[in-house]
Amino acid sequence: MRTLARPPKQVALAATRDIPSYSLATIFGSPRKLPKPQDLPGRVVVLDIAFASEAGGQNSFQKITLSFLHKLGPRLAAWVDHHDSVEHARFRHDPRFILRTKAEHGACPEIITPELVERIGPWDTIVCHNDFDGAVSAAKWRLGGLEPYPGADEDARAVDTRVGKPGPIGERFDRAIRARPRDLALMGLIVRHLSERLADASLWEPIDLAARELDAIEANTRKIAERYARIPPGVALVDASDLGPYDKTLLLLLGQEREPVSVVIDRQSVTLAAAFNSGINFLSLLGLSGGMPTRVSVDRSTLPSVWKALGVDPTEAERTLDR
């Protein structure tokens, strides 16, 4: 067993007991918050992390994604993702990059097969998105491309697209993650449980404990949803700033029950969402190079361009927000 470098501060490593993999480390990140390449041992596999786009600031791809790739260099073993990006074209001829769109694959785990894992070969570190889709992707890679439990791929797709419902196992994991979206220790535990094929029943206790915390959060979310305003042409708008903890995914879905497009505003950001099968593409509407076509978050300072893209009267929108 090789000795791993010390993980970076605030990054959780999945526990590693009896995991059938070439090596050990699983580190969590997001398009805008990638770990430092010098802190990643050996050959690195990146799973379910989109290329950064302008939604994260001007030139985010160059400053975040491309910088990460340059520093990692030949130690990158594979990058597997299912989010849209015009930058995918840069890597079309590099076999390390398995890049698809959200329309092609609603979730990342379904891309990961035994043949792909075998082709990539030995690895030392997984960097995956800090959500259920990412956790299943990491566990599936550790298991040589096999599902950690029957139906895991379908659960990941249901969670990531919000089309249909995940099964009982997927729902337990999903509720825990939604209750503590920034708890990387919990994410590490979930990857361990998945990688061990749910063999240790005692690991459900902390996961279910976290999931129960979502009850109060959901209650507050539904209360906030009562403040939704419906404005032409088909937008449900709510400002959730300073209204306590809420589940943004649920709040967006509740908005879509009122109008095709839901918009949630907080102190710093604006999040737009539409149904996965709606045909709406916010990336095109807002001129963004990548991300999820049916859900994007941008800085609150861009509200004027958001109203223009949605065809919303800015005076009416601002009057709604001032209520």
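Read-outs: derived from the displayed coordinates by stated rules, not from any lab. On a predicted model such as this, the values are computed, not experimentally measured, just so you know. Note that we place each Cβ from the backbone using ideal geometry, even for glycine, and neighbour counts take in every protein chain shown.
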Original post:
Taking the Cα-to-Cβ direction at Ala185 and at Arg300 and moving 7 Å from each Cα, how far apart do the two end points lie in nm?
Top reply: 3.1
Subject >> For Leu47, distant residues with modelled amide H under 5 Å away >> reply: Val80, Val127, Cys128, His129
**OP:** Give me Met187, Met292 ranked fewest to most by other Cβ atoms within 10 Å of their Cβ, as a rough exposure proxy.
**Re:** Met292, Met187
**OP:** Could you give me the radius of gyration and the Dmax of region 25-212, taking only the C-alpha atoms into account and expressing both in angstrom?
**Re:** 15.8, 46
**OP:** Taking amide H positions as placed in the peptide plane 1.01 Å from N, state which residues far from Leu76 in sequence (5 or more) or on other chains have amide H under 5 Å from it.
**Re:** Val44
**OP:** Report the dimensions of region 217-321 along its three principal axes from the alpha-carbon atoms, largest first, rounded to Å.
**Re:** 34, 30, 23
Subject >> Potential extension, Asp200-Ser278 segment - 0.36 nm per residue separation minus Cα distance >> reply: 24.1 nm
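Do the alpha carbons of any pairs in Lys71/Lys102; Lys36/Lys223; Lys140/Lys223; Lys165/Lys308; Lys36/Lys308 sit beyond 32 Å of each other, and which pairs? Before the final figure, lay out each step's value.
On the way: Lys71/Lys102 27 Å; Lys36/Lys223 40 Å; Lys140/Lys223 38 Å; Lys165/Lys308 34 Å; Lys36/Lys308 37 Å.
Where the Cα-Cα span goes over 32 Å, the pairs concerned are Lys36/Lys223; Lys140/Lys223; Lys165/Lys308; Lys36/Lys308.
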Subject >> P(r) histogram, all alpha-carbon pairs of region 125-193 included - 10 Å bins from 0, percent >> reply: 22, 59, 19, 0
Original post:
Toward the positive end of the charge dipole of region 25-212, about the Cα centre and with charges on Cβ (Lys, Arg +1; Asp, Glu -1), which of Trp123, Ala201, Pro31 goes farthest?
Top reply: Pro31
Subject >> Stokes-Einstein diffusion coefficient of region 19-129, Kirkwood radius over Cα pairs, 37 °C, 0.692 mPa s, in µm²/s >> reply: 230
**OP:** Calculate how many DSSP beta bridges within the chain are antiparallel, expressed in % of all such bridges and rounded to the nearest 5.
**Re:** 45
**OP:** Taking every Cα atom in region 200-262, find the radius of gyration and the maximum pairwise distance Dmax, and write them in Å.
**Re:** 15.0, 52
**OP:** First obtain the Kirkwood hydrodynamic radius of the chain from its Cα pairs, then insert it into the Stokes-Einstein equation at 37 °C and 0.692 mPa s, and state the resulting D in µm² per second as a whole number.
**Re:** 161
Original post:
Sorted by packing (mean other beta-carbon atoms within 10 Å per residue), highest first, where do 134-143, 198-207, 69-78, 42-51 land?
Top reply: 134-143, 42-51, 69-78, 198-207
Subject >> Förster radius 56 Å - calculated FRET efficiency between Arg75 and Arg230, Cβ distance, rounded to 0.05 >> reply: 0.65
Subject >> Per-q log10 I(q)/I(0), region 232-273, q = 0.18, 0.24, 0.26 Å⁻¹ (Debye; single scatterer per alpha-carbon; no solvent) >> reply: -0.44, -0.75, -0.86
Original post:
Expressed as a whole number of Å, what is the distance separating the alpha-carbon centroids of region 223-245 and region 121-160?
Top reply: 34
Original post:
What order do you get for Ser195, Ser241 when you list them from fewest to most C-beta neighbours inside 10 Å?
Top reply: Ser241, Ser195
